[in-house]
Amino acid sequence: MLNRFKSVLMNAVGVSDLDLQYPNESNNDMMIDYVNSNFAIEVENKPYSRPSFLGLTAEETQVSADHRVRPIIVPRDLSRLPWCAGYAECINAGKSVWNEDQASATRGDLKLTDLNVSLPYVMFSMFDGHAGYQVALTARLHLHRIILERLIAIPSTVLLNEDEEEFIKGKDLVTGAIELAYRQMDQMVEAQAQNGGGGCTAITILFLNGRLYAAGAGDSRAVLVLGDSQRALTRDHTPDSESNRVRALGLLRSHELLKGHFTPLEFKRRPLQKELGTMVLYREPYMTGWAYKTLSHPDLKLPLISGHGKRSRVMGTIGVTRGFGDHGLKAANTGVSIKPFLSSQPEIQSLKLEDCNLTERDCIIIATDGLWDVVSDKTAATILRKTLAPDTPSLEYRLTMGAQELVQAARGRLMGRTWVGKSENTNENEDKLSLMASVDDISVMVVPLYPYLCEHRQWLKSIQQERKYSTDSSHISINNSIQ
């Protein structure tokens, strides 16, 4: 029965998936009923593998996991990614046995049966696993399918609606579909989890109906490189950046979730027992300013949020606050569950690409924090522009070269037993490359924007021509019947 549901879905969306292949079977109405039923899908644990678009053999997969050399891996066949998008990766310096990053790319057509048209889409996703590879692998294999399930359940006339005067527009329902899919993915992972099961961050870039949707949950990041400018399309979700949300939940449900071990209050510095009865600076969730209070015994509990920046932690344990998994994660020495403070909800931005004045060198950089921990958005954009600027070799090769250069900048080189970043001088008005090198898994995609815009324009033109032909044919038919 499950295989039949899968077959129905793939027929409905006309998918050309680079990770999964399903046979064709027709019944779009059954698929919509299935989506609305929230049918629970059992997911079996899969053996470790790298993204299928890399085309690695089992032996090459083993070689890619060499922690001493940390080889930079790129696809053997560049055409296996839509528009020959660039991709490169390298494994960590020994923190885990396998590269726990995963990525996927999918393109196809949503068959809008009530309008008798097919709407092209392209989707890229990236996942950064922690405490094991299984959750990231599961997300790679299934998230795109779940998103498509939600998209085909949207009424076609509403999905295509771009009228700004409407209260609910097509982009709002696409956003909702992605949000629901992320929650369903997390529920699927929970059903799969055994003995904790680890977790992963997630980023999805969806091209649909002339728009780009960027969804992020965790501290992987998507950065738009447009002309001479760059800006992040997703926000890093860390205990520091989401301190108010996490601490507010802890304050509202203190007895149930904190169990007397933690305090949701924030202090300017960790208070000491010898300071009991003295005035200290603190703030509660929702406060942007500070206040004084008399220090009491409950204030000496462990902080719900500790540290700052990349070193911040929830209950001293985990450094990301959104993503999939971590259902069995407990705070050390307390047994308190951390999952209630973690969210699978992505933050989503959408852009109408026709308004962006795109050129063929405008791209999105999608990368795990193995890149962003040591390379700033500006530096990454500078590296990419330099790689894409020449006219030779052809652009499809330069996209892959750009991904390679970004991985190289983050990985650096091995000096003795230490990985260090590049140290050569740069121009005064450019960021210097960090002397720190990333010892984490590093995965980078460079996705061009202009090819999709060209495809969408051609799709609009073909739809208009079909409608004109249909109208002309009906007029001829009417005239013939009158005569």
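The values are calculated or read from the model by the stated rules, or taken from the named source; none is laboratory data. These figures come from a predicted structure and were not determined experimentally. No Cβ is skipped: glycine too gets one built from the backbone with ideal geometry, and neighbour counts run over all protein chains shown. The protein model used for the area step is the full one, side chains on, heavy atoms only, and it has no ligands, DNA or RNA in it. Shrake-Rupley method; radii C 1.70, N 1.55, O 1.52, S 1.80 Å.
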**Report entry** Tally of residues being more than 16 Å from Val407 (Cβ to Cβ), in contact with a Ser or Thr (Cβ under 8 Å, 6 or more places away or on another chain) and among the acidic types (Asp, Glu) across the stretch 75-126
**Finding:** 2
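Could you tell me which residue of the stretch 160-176 is nearest to Ile147 (Cα to Cα), considering only residues that are among the hydrophobic types (A, V, I, L, M, F, W, C) and surrounded by 10 or more Cβ atoms within 10 Å (Cβ to Cβ)?
Here is the first cut: in the stretch 160-176, the ones among the hydrophobic types (A, V, I, L, M, F, W, C) are 160, 167-168, 173-174.
Add one more test, that the residue is surrounded by 10 or more Cβ atoms within 10 Å (Cβ to Cβ), and what stays is 160, 168, 173-174.
Values: Leu160: 17, Ile168: 19, Leu173: 12, Val174: 9 Å.
Step by step, filter the stretch 160-176, then rank; the result is Val174.
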Query raised in the report: When Ser394 is evaluated against the numbered criteria (1) among the polar types (S, T, N, Q); (2) open to solvent by 60 Å² or more (accessible area, probe 1.4 Å); (3) out of contact with any strand residue (DSSP E or B) (no Cβ under 8 Å at 6 or more places or on another chain), which criterion, by number, is the only one it fails?
Result: (2)
Report task. Could you tell me whether the stretch 450-462 includes any residue that is open to solvent by less than 40 Å² (accessible area, probe 1.4 Å) and at pLDDT below 75? Result -> no
Query raised in the report: So is Glu190 at pLDDT below 95 and farther than 30 Å from Ile338 by Cα or not?
Result: no
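Does the stretch 126-145 contain any residue that is closer than 17 Å to Ile364 by Cα, modelled with pLDDT of 95 or more and either open to solvent by less than 20 Å² (accessible area, probe 1.4 Å) or touching an Asp or Glu at 6+ places or on another chain (Cβ under 9 Å) (or both)?
Step one: filter the stretch 126-145 for residues closer than 17 Å to Ile364 by Cα, giving 126-127.
Then keep just the ones that are modelled with pLDDT of 95 or more; that gives 126-127.
Filter once more, so that each one left must be either open to solvent by less than 20 Å² (accessible area, probe 1.4 Å) or touching an Asp or Glu at 6+ places or on another chain (Cβ under 9 Å) (or both): 126-127.
Yes, the stretch 126-145 contains a residue that is closer than 17 Å to Ile364 by Cα, modelled with pLDDT of 95 or more and either open to solvent by less than 20 Å² (accessible area, probe 1.4 Å) or touching an Asp or Glu at 6+ places or on another chain (Cβ under 9 Å) (or both).
Scan the stretch 279-293 and give yes if some residue there is among the polar types (S, T, N, Q) and surrounded by 17 or more Cβ atoms within 10 Å (Cβ to Cβ), otherwise no. Step through it out loud before you land on a result.
In the first step, residues of the stretch 279-293 are kept if they are among the polar types (S, T, N, Q); the result is 288.
From what is left, the residues that are surrounded by 17 or more Cβ atoms within 10 Å (Cβ to Cβ) are none.
No - not one qualifying residue is present in the stretch 279-293.
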Query raised in the report: What number goes with the only condition from (1) farther than 20 Å from Cys84 by Cβ; (2) buried (at least 20 other Cβ atoms within 10 Å of the Cβ) that Met415 does not pass?
Result: (2)
Requested in this report: List every residue pair whose Cβ atoms lie under 6 Å apart, where the two residues are 6 or more positions apart in sequence or sit on different chains, the first residue falls within the stretch 249-267 and is in contact (Cβ under 8 Å) with a residue 60 or more places away in the chain and more than 10 Å from Leu302 (Cα to Cα), and the second residue, located anywhere, is part of a helix (DSSP H, G or I) and open to solvent by 30 Å² or more (accessible area, probe 1.4 Å).
Outcome: Leu257/Pro340
Query raised in the report: So how many residues does the stretch 95-118 have that are closer than 20 Å to Glu149 by Cβ, among the hydrophobic types (A, V, I, L, M, F, W, C) and surrounded by fewer than 23 Cβ atoms within 10 Å (Cβ to Cβ)?
Result: 4
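Just give me the residues in the stretch 295-305 being touching a Pro at 6+ places or on another chain (Cβ under 8 Å) and under 15 Å from Asn244 (Cβ atoms), in sequence order. Before the answer, list the steps.
Looking only at the stretch 295-305, we keep the residues that are touching a Pro at 6+ places or on another chain (Cβ under 8 Å), and these are 295, 299-300, 304-305.
The answer is Leu304, Ile305.
Conditions tested, residue by residue: (1) outside any loop (DSSP other than H, G, I, E, B); (2) modelled with pLDDT of 95 or more.
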position: Ile32; (1), (2): yes, no
position: Asn38; (1), (2): no, no
position: Glu42; (1), (2): no, no
position: Pro47; (1), (2): no, no
position: Arg50; (1), (2): no, yes
position: Glu60; (1), (2): yes, yes
position: His67; (1), (2): no, yes
position: Arg70; (1), (2): no, yes
position: Arg76; (1), (2): no, no
Report task. Kindly check whether there is at least one residue in the stretch 366-375 that is open to solvent by 30 Å² or more (accessible area, probe 1.4 Å), modelled with pLDDT of 95 or more, over 20 Å from Ile203 (Cα atoms) and not small (Gly, Ala, Ser). Result -> no
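Of everything in the stretch 340-362, what is under 29 Å from Cys84 (Cα atoms), open to solvent by 50 Å² or more (accessible area, probe 1.4 Å) and not charged (D, E, K, R)? Give them in sequence order.
Hits for the stretch 340-362 are Gln349, Asn357, Thr359.
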**Report entry** Pair list, Cβ under 6 Å, 6 or more apart: the stretch 305-318 residue surrounded by 14 or more Cβ atoms within 10 Å (Cβ to Cβ), other residue of a type in the set (Phe, Trp, Tyr)
**Finding:** Val314/Phe341
Requested in this report: Filter the stretch 290-313 for residues that are at pLDDT 95 or above, assigned to a helix (DSSP H, G or I) and more than 16 Å from Leu251 (Cβ to Cβ) and give the result.
Outcome: His297, Leu300
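Being assigned to a strand (DSSP E or B) and open to solvent by less than 30 Å² (accessible area, probe 1.4 Å), is that true of even one residue in the stretch 324-339?
Looking for residues that are assigned to a strand (DSSP E or B) and open to solvent by less than 30 Å² (accessible area, probe 1.4 Å), one finds at least one in the stretch 324-339, hence yes.
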Report task. Spot the failing condition for Lys268; the list is (1) modelled with pLDDT of 95 or more; (2) open to solvent by 30 Å² or more (accessible area, probe 1.4 Å), and only one is missed. Result -> (1)
